[in-house]
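Handing you this structure, nothing more for now.
What follows is calculated from the coordinates using simple rules that are stated; it is not laboratory data. Computed from a predicted model, the values in this text were never measured in an experiment. Please note: Cβ atoms are built from the backbone with ideal geometry, for glycine as well, and neighbour counts cover all protein chains shown.
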């Protein structure tokens, strides 16, 4: 027989898995994210009270949903909003009639997958700022606490809490439909959803600030959200492409730092430490995106670049010419100074550092790159390869001044000191 602590651990595990589905199903009916969260929380409290005595049920998710249903019906009966809300769902059936309760139960039993998709599109609505979309998505769909989100992004917990509250209020005030849009609107909103997921992944892969080089938990959450989206939208090529990109990139997480947590750059990594299972999954997702006709969409091109690295068992086997060509296609689809910078790196590897520096010179005055630490880091590396130690040291020091990540700053200052000692 399980001990009480074992039961509480089981409840925590179930809650992590079931919470997004509970909130999604409840939001569809009550049309209020905050109320749905409260109902889900009520169900958790009930589980904490009951399960240590009765044991965890065979279908804990169904138990939680059934409990939340009862709470929802009670609230419809006793709150001032009951008549309007019930009329919306039950089409005018009286609140106390058995038929009304039956209709509510049927509404709450609709397809869970569609509910998750609706919630994802709602949380990533373009009316919200990018930071608000990220915070709300991690809270509702990632299951992270406000404290966890704040710690991940090095923002005050009160700030994250305010973002989430304001985001939910903005959705309610704008009367945003809890739905997956259609046609052109869906295509536009899908870009927002994918962008939020990739923002979360990138913050985990290369933390913008703080003492940690990476935050793998955020990568895991982003990949989980991407996989959920791929299951719910199996015919969307760009969704599969994003999953491919994240999985191939995440395959390197175990090799990106040494035992002391110091960064190890791509060309210096021990590739035997890469996760080849993740690479296989990513390549399969990329093939799926290509089969759906999305081989030259932005995420697919980035995934193809990542696949070039993944297919090289040794750094010297990397097909840099193909990578440079893929960046060339990518920059025509999504013009960006950052993509041009990445292309310059690939060209420098294929044709030599002088060729890369020439491309950097052409984009160095772009306002986007003015305070972008990676521009100076790349310049320092190319100057180092040309034997220009003093100039390289200056570039590395400038990069160190601009980065907000402690590990990265220490690495760049170390490179500067090495160049000065040449």
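Under 8 Å for C-alpha pairs, at least 6 residues apart: give me the relative contact order for the chain, rounded to a whole percent. Show your work: numbers first, answer last.
Numbers: 561 pairs, mean separation 40.9, N = 422.
So the answer I get is 10 percent.
For an R0 of 60 angstrom, estimate the FRET efficiency from the Cβ-Cβ distance between residue 354 and residue 175 and round to the nearest 0.05.
Details: r = 58 Å, r/R0 = 0.97.
The value I calculate is 0.55.
What spacing in nm lies between the two simple spin-label points modelled at residue 364 and residue 162, each 7 Å away from Cα in the Cβ direction?
Simple spin-label model gives 4.1 nm for this pair.
Same structure, new question: With n ≥ 4 as the cut-off for DSSP H runs, can you work out [θ] at 222 nm for the chain, using -39500 (n - 2.57) per run divided by the number of residues, rounded to the nearest 500? Mind showing how you got there, number by number?
Working: 20 runs with 301 residues, N = 422.
So the calculated ellipticity at 222 nm is -23500 deg cm²/dmol.
I've got another one for you. Compare the peptides 236-246, 220-230 by average per-residue count of other Cβ atoms within 10 angstrom and give them in order, highest first.
Working: 236-246: 26.5, 220-230: 21.6.
The densest-packed peptide leads the list: 236-246, 220-230.
How far, in nm, would the chain grow between residue 401 and residue 420 when pulled straight, counting 0.36 nm per residue and subtracting the alpha carbon separation? Before the final figure, lay out the partial values.
On the way: separation 19, 0.36 × 19 = 6.84 nm, distance 1.68 nm.
Computed gain between residue 401 and residue 420 is 5.2 nm.
Let me ask something else about it. For residue 59 and residue 127, compute 0.36 nm times the residue count separating them, minus their Cα-Cα distance, and round to one decimal in nm.
Details: separation 68, 0.36 × 68 = 24.48 nm, distance 3.75 nm.
Net length gain for the segment: 20.7 nm.
Taking Cα atoms, how many degrees apart are the long axis of helix 353-363 and the longest axis of the chain, rounded to 10 and kept between 0 and 90?
Rounded to the nearest ten degrees, it is 60.
Consider the candidate values [x] 1.14; [y] 0.96; [z] 1.08; state which one is Cα Rg over 2.2 N^0.38 Å computed from the structure displayed.
Computed from these coordinates, Cα Rg over 2.2 N^0.38 Å corresponds to label [x].
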